[in-house]
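See below for the structure under consideration.
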Amino acid sequence: MNTVPAATASAIVFVWLGMVLAISFLEAPLKFRAPGVTIPIGLGIGRLVFRALNAVEAALAAVVVVAVAVGGPPAGITGLTAAVAVLLAAQLTVVRPRLNRRSDRVLAGEDLPRSRGHLWYVALELAKVVVLIALGIGLLTA
């Protein structure tokens, strides 16, 4: 793979990875432990934070896809790039809309049991982290 596209994509992948780790696995669970943060307040904050994160992720994914496409990648890099894009797309088009509908109901005052949708989102986040690590390493060694 060409050096400049590989270096660019690698840097972006590791920035993306850091954002996912910091927000999804640190900020998200901790906000509900802060004094005075109720479920509705936490949901409101979470919706804003994840909307912003997902917008940035989509932009980063687009840049990675372009950098990989122009860099003459080996098949493994192409596969990992496609995998991370599919995982993000699943989160944005399948899981997030369901979570948003559910949080709308909670914010409207409905008392609902814990959400299984969050488990799907976390599972996709874990898979995305693994793929981002593999892609970043692959790009560094390409």
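The values are calculated or read from the model by the stated rules, or taken from the named source; none is laboratory data. This one's a predicted model, so the numbers in the text were calculated from it and none came from an experiment. Here Cβ is always computed from backbone atoms with ideal geometry, including for glycine, and neighbour counts include all displayed protein chains. All accessible areas refer to the heavy atoms of the entire protein, side chains included, with ligands and DNA or RNA removed. Shrake-Rupley method; radii C 1.70, N 1.55, O 1.52, S 1.80 Å.
A 1.4 Å probe over all protein chains sorts Asp104, Asp111 by accessible area into Asp111, Asp104, starting with the largest. One entry in [x] 32, 18, 17; [y] 33, 14, 11; [z] 26, 16, 13 is semi-axes √(5λ) of the Cα gyration tensor in Å calculated from the shown coordinates; its label is [y].
Under 10 Å, Cα contacts only: if you run a Gaussian network model on the chain, which one of Leu26, Leu126, Leu43 comes out with the highest mean-square fluctuation? Looking only at Leu26, Leu126, Leu43, the largest GNM fluctuation is found for Leu26.
In the complete set of protein chains, residue-level accessible area for Arg101 is approximately 140 Å², probe 1.4 angstrom. Note that the chain presents 55 Å² accessible area per residue, ligands and nucleic acids not counted, probe 1.4 Å. Potential lengthening of the chain between Leu48 and Ala75 amounts to 6.1 nm, from the contour at 0.36 nm per residue minus the alpha-carbon distance. Note on the chain: GNM, Cα springs under 10 Å; of Ser24, Ser115, Ser103, the largest mean-square fluctuation is that of Ser115. Along the axis of the charge dipole computed for region 1-120 (Cβ charges of +1 for Lys and Arg, -1 for Asp and Glu, origin at the Cα centre), the listed residues Thr81, Leu43, Pro113 are led at the positive end by Pro113.
Taking only protein heavy atoms and a 1.4 Å probe, the accessible area of region 1-81 is 79% carbon and sulfur.
The relative contact order of the chain, computed from alpha carbon pairs under 8 Å that lie at least 6 residues apart in sequence, is 45 percent. Among Ala34, Ala83, Ala127, determine the one that fluctuates most according to a GNM of the chain built with springs between C-alpha atoms less than 10 Å apart. Sorting by GNM fluctuation, first place goes to Ala34. Could you work out the local net charge near Ser115, counting Lys and Arg as +1, Asp and Glu as -1, over the other residues with Cβ closer than 10 Å to its Cβ? Net charge around Ser115: +4. Extension gain, Ile133-Leu26: 0.36 nm per intervening residue step, less the Cα-Cα distance, totals 36.7 nm.
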